[in-house]
Structures are given as structure tokens and as C-alpha cells.
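S.K.: Have a look at the structure that comes next, please.
The values are calculated or read from the model by the stated rules, or taken from the named source; none is laboratory data. Just so it is clear, the structure is predicted and the values come from calculations on it, not from any experiment. So basically every Cβ, Gly included, is an ideal-geometry build from the backbone, and we count neighbours across all protein chains shown.
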Amino acid sequence: MIKKILANLEKSNCLTDNTFLQAVSEVLTSLEPIVKSDSRYERFAILERLVTPDRIIQFKVQWVDDNNQVHINNGYRIQFNNSLGPYKGGLRFHPSVTASVLKFLAFEQIFKNSLTGLPIGGAKGGSDFDPKGKSDFEIMRFCRAFMRELYPYIGARVDVPAGDIGVGSREIGYLFGEYKRITHQYDGILSGKPYAFGGSLMRPQATGYGVVYFAREMLAQELQESLEGKICTVSGAGNVAIHTIEKLQQLGAIVVTCSDSDGAIYDPRGIDLHQVRELKEGGRRLSLAEYARQIPGSIFTPKSEYLKEAHAVWQIPCFAAFPCATQNELTLTDAQKLVENGCVAVVEGANMPTTPEAIELFQREGVLFSPGKASNAGGVAVSEFEMSQNASMEKWDFDKVDRKLNELMCQIYKRVALTAKEYGVERNFVDGANIAAFKRVAEAMILEGA
Ligand code: NDP
């Protein structure tokens, strides 16, 4: 049955590229032992329904730059599955965005959201707009134009987008402002809002902190190890990477790398996070090359060798590795180097940053591997906390959100590890995550009827 579904998807050619097929294939392979165990899955066509989005919304985004030049970009929202709750998932602004990339991300989001145990469905959206080099006013005009097209499709009980690559609290603020202007409604229709108007404390930190809480629990339970004093490598220098580094440093780990799309920093004394923030936060997207200039003695991978050296992060010996940049950034060659250098755990902060061949190697070699849908679910979980606070007009303090986030990440680890054990694939957290997430969504889909 699974082979047939994959073959049909390949044939259908409906906005289906390799990344989407990669994500679907990984999930369906994990589900093989369970789909035969319950005849309802076939009768209700659960797998076929699960790999088909409820709807794909595409629109034109027309905006004006600072020189009064008009530009056109494509905008999208993929509402994939709302069996567990309102559609929920980030918006990505990056030139690589296409409907099929978003389809893969929205599909993954269904499983991630299910794993949190919270009432949220799966979606994703965004645009091929490139925020790099744009002025603050250009970003604002683009966000307003984007929301003018998106607003009829979202709502606090319908679909609640959040941030992702290229969309932080500044962009969410502009999007929310425009929604309010158009509709005159002060609804929690976006999460990741600035604190001043309904954002949750800790939303910016949530994904990165959650990744580290998950890693801490997994290392303690599986290896009776802690992160204190351990060398860790992190890729990326955006929201997820910065907060992963911050929490790792708070727990006493020594983080020696970070990277951006131009190259990597290796600083054996430990990354100076203040310096990275100066270059990358608040909408600034300056090159990490500046880090090496500001902090002599660190080694910079030069821009001219960017293609060859984009993977430099994975050459550095480490105890644990945290890919936090983008999809398929950690390949088989990188994985071989990590194994050779004695890495014991790989914890994904980004969505699907590790290729299937690399995952297979980690699992074969006994490296603990956590898929992003489990370890980076802290972001969407705190987004759901924000929805709860907006609905009840409450404001939770930082410690309350942090405590709930830590508890939730430990629960996700437990759910994934126990499921893997129950299905005879102990320590295979990919299968554990896919099966645990699937069971919850499938049950809801059966109960709601076809
Ligand atoms: P940001 O836009 O804040 O940061 C992305 C970072 O990755 C940037 O520093 C970017 O470099 C860098 N980057 C992009 N491509 C590459 C590459 N090929 N090699 C090395 N670095 C690269 O995005 P986020 O931190 O929000 O998102 C990162 C990942 O985490 C994505 O996969 C996203 O889907 C996932 N995620 C994010 C969540 C969130 O809450 N934000 C929640 C769950 C998952 P540059 O500065 O040059 O652009």
C-alpha cells in the first residue's frame, strides 16, 4: 500500500518535488508495521488523506520599494490537515520558497504538532520574497501587501500562522498591524507577536531552548550524560541557532561553531553570542565574516569557498551536533565525519536538516538521532501557549512558560522513546516520532468521518 501511495504521488506531479517525497517516504516507511495492525486505516483511506493537503492557497503579492519601483512576489498558504485543531505553522520569506517546499514543511508540521499533544493542526506558508538587503520600510510594505492577500483565509479558530526563516517578531508585528487595520479585529490570528500586543514571553527563545531541553533529557535517559563541559557544534545563525547556543551555554556546554549561508565560524574558545547577535538580530543579516574580523583568532571559512565549505561545521569534533539552519544541510559525508570524530548525539533544530542517508548512518552507528519534528516542537508549543493566553486575555510570566516548555519537551522525548520501544525499534526516534504522531492524527481523522 505504501509503495502505491508513493508511486501515485510521484505520478501526480501536483507541486510534488523531491523534498516532499523525501518527507512522505520517511514517514510512510516508519508506519509500515502499524498500518496493517488496524483495518480502519485502510477503510478510511487515512494514509492517502494524510498525504494530500486540504487546500493550497496561492496569491500575488504586489509591493513598492523605496525607489517607487513595483515588485511582484508569490505568496502561499498550505492548509494541510486540521483534524487536531486549527491549522498552525510558520511563514517563511526566502527566495527558495515554492509551493512544493511549503508542502513538505506543512506535512512535517502535522506530525510535529501532533507530538506536542496540543490541539493544533498542520500548515505552512510564505513567499519567495528575499528580505536580505531590504530597508525596514520595504519589509513593512511587503508584509502589509502579503497580509492583504492572506487575511480572508486565517482566524484565531481557523489558521494561526507564526514565524520561520526570514519572519521574526518584526515581520509578525507588521502583519498583525495590517490584519487589524483591514478587519478592525484584535484577534490572536498570528503567534510570535511582539510582547507589547499579545505575544508570549519566551516565544523567540522557545524553539532553541526546547531543542536543548529535549537533548538534555535524551542524553540523561539514554546515556546518563549531561551537556556540562561538552563541546557542541551548531549550524545556522538565526533565531533557532542563537537560542540553541544560548541555552547550551547556560547549561555549561562549549559551543564552538555557527554558520550562515556564506560560511562558518569555528571559535575553539566558545562562540561569542553577543557578537553573533550584533550581526544577525533585529532584521540585520550581516555576514559572519565580520565575526572573525571583530574577534581575532577565530577561524572564518572565506566566502570565496562557500560552496565547498558550507559544511565546515560538521568537520569539527564534538560531543553533540545541532543542525539549526535549513533542510538537507547535513549530508552523508558530514555524517561520516561526525561519526569518525566520536559525536554521540545529533539533535535537529531545523526542519529535516539531515539527509536520509546520513540518518541511516547515525542509526547504524548508534549515534542518538532526534528528528526536528520532535526536538524543535518547542516553538509551535509556545505558539499554542500564546493562543491560550490570547483567548483568555491572560499573560503568563517567563518562568511559567519556561517550566511548561521544559515539561512538554520531556514529555515529547518520553512519548517518542516509549513508542519506539513498544514497536520494537528501541532508540529509533524517527520511527518513534512518526508512529506516535500518526496514531493521534489518524484517530481524530477516523472519528470525524470522511
Ligand atoms: P532564520 O531566518 O532566523 O535563520 C536561518 C539561518 O540559517 C540564517 O542565519 C541563515 O543564514 C542560515 N542558513 C540558511 N541557509 C544555510 C545554509 N545552507 N548553510 C548554513 N546556514 C544557512 O530562521 P530560523 O532560525 O527561524 O529557522 C531555522 C530552521 O529552523 C528552519 O529549518 C526552520 O524551518 C526551523 N524552525 C524554526 C522555528 C522557529 O520558531 N523559528 C520553529 C521550528 C523549526 P543567513 O543569515 O545568511 O540568511
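S.K.: Go through segment 154-172 and give me each residue that's near the ligand (Cβ under 8 Å from one of its atoms), among the small types (Gly, Ala, Ser) and in a loop (DSSP other than H, G, I, E, B).
M.R.: Of everything in segment 154-172, those that are near the ligand (Cβ under 8 Å from one of its atoms), among the small types (Gly, Ala, Ser) and in a loop (DSSP other than H, G, I, E, B) turn out to be Gly163, Gly166, Gly168.
S.K.: Going by the conditions given, is Phe80 touching a residue at least 24 places away in the same chain (Cβ under 8 Å) and closer than 30 Å to Gly449 by Cα?
M.R.: On the way: touching a residue at least 24 places away in the same chain (Cβ under 8 Å): yes; closer than 30 Å to Gly449 by Cα: yes.
Yes, satisfied.
S.K.: Which residue out of Ser191, Ser261 is in contact with a strand residue (DSSP E or B) (Cβ under 9 Å, 6 or more places away or on another chain) and within 16 Å of the ligand (Cβ to nearest atom)?
M.R.: Values: Ser261 fails: in contact with a strand residue (DSSP E or B) (Cβ under 9 Å, 6 or more places away or on another chain).
Answer to the selection: Ser191.
S.K.: Can you go through Gly297, Gly282, Gly270 and tell me which one is within 14 Å of the ligand (Cβ to nearest atom), surrounded by fewer than 19 Cβ atoms within 10 Å (Cβ to Cβ) and either in a helix (DSSP H, G or I) or modelled with pLDDT under 95 (or both)? It would help to see each step written out before you state the result.
M.R.: On the way: Gly297 fails: within 14 Å of the ligand (Cβ to nearest atom); Gly270 fails: within 14 Å of the ligand (Cβ to nearest atom).
The unique qualifying residue is Gly282.
S.K.: Scan segment 230-247 for residues that are crowded, with 24+ Cβ neighbours inside 10 Å and away from the ligand (no atom under 15 Å from the Cβ) and report the count.
M.R.: 1
S.K.: Scan segment 318-328 for residues that are assigned to a loop (DSSP other than H, G, I, E, B) and at pLDDT 95 or above and jot them down.
M.R.: If the condition is that a residue be assigned to a loop (DSSP other than H, G, I, E, B) and at pLDDT 95 or above, then Cys318, Phe319, Pro323, Cys324, Ala325 are the ones that fit.
S.K.: When Phe369 is evaluated against the numbered criteria (1) touching an Asp or Glu at 6+ places or on another chain (Cβ under 7 Å); (2) under 27 Å from Ala325 (Cβ atoms), which criterion, by number, is the only one it fails?
M.R.: Every condition holds for Phe369 apart from (1).
S.K.: Quick check: is even one residue across segment 213-229 assigned by TED's automatic domain parsing to the domain that holds Glu329 and within 11 Å of the ligand (Cβ to nearest atom)? Spell out the reasoning first.
M.R.: Step one: of segment 213-229, the residues assigned by TED's automatic domain parsing to the domain that holds Glu329 are 213-229.
Filter once more, keeping what is within 11 Å of the ligand (Cβ to nearest atom): none.
Within segment 213-229, not a single residue is assigned by TED's automatic domain parsing to the domain that holds Glu329 and within 11 Å of the ligand (Cβ to nearest atom).
S.K.: Here is a follow-up. For Gln221, all conditions in the list (1) in contact with a Ser or Thr (Cβ under 8 Å, 6 or more places away or on another chain); (2) surrounded by fewer than 21 Cβ atoms within 10 Å (Cβ to Cβ) hold save one; what is the number of the exception?
M.R.: (1)
S.K.: Related question: Quick one: Gln109 ticks every box in (1) within 15 Å of the ligand (Cβ to nearest atom); (2) surrounded by 18 or more Cβ atoms within 10 Å (Cβ to Cβ); (3) not in a helix (DSSP H, G or I) except a single one, so which number is it?
M.R.: It fails just one condition, (3).
S.K.: Inside segment 343-393, can you point out the residues that are free of Cβ contacts under 8 Å to residues at least 60 places away in the same chain, part of a helix (DSSP H, G or I) and within 16 Å of the ligand (Cβ to nearest atom)?
M.R.: Ala358
S.K.: If you check Ala417 against the conditions, is it more than 28 Å from Gly238 (Cα to Cα), of a type in the set (A, V, I, L, M) and in contact (Cβ under 8 Å) with a residue 40 or more places away in the chain?
M.R.: Criteria met by Ala417.
S.K.: From the list Glu290, Glu246, Glu309, which one is among the acidic types (Asp, Glu) and modelled with pLDDT of 95 or more?
M.R.: Glu246
S.K.: Next question, about the same structure. Out of all the residues in segment 82-106, which are within 15 Å of the ligand (Cβ to nearest atom), of a type outside the set (A, V, I, L, M) and in contact with a Gly (Cβ under 8 Å, 6 or more places away or on another chain)?
M.R.: Listed by number, the residues that qualify are Lys88, Gly89, Gly90, Arg92, Phe93, His94.
S.K.: Which helices (runs of 4 or more DSSP H) sit wholly inside segment 1-105 and have at least 1 residues that are among the β-branched types (Val, Ile, Thr)? Full working, then the answer.
M.R.: Details: elements: 2-12, 18-35, 39-43, 46-50.
Helices (runs of 4 or more DSSP H) meeting the threshold: 2-12, 18-35, 46-50.
S.K.: Give just the number: which of (1) farther than 22 Å from Ala433 by Cβ; (2) buried (at least 19 other Cβ atoms within 10 Å of the Cβ) does Ser83 not satisfy?
M.R.: The number of the failed condition is (1).
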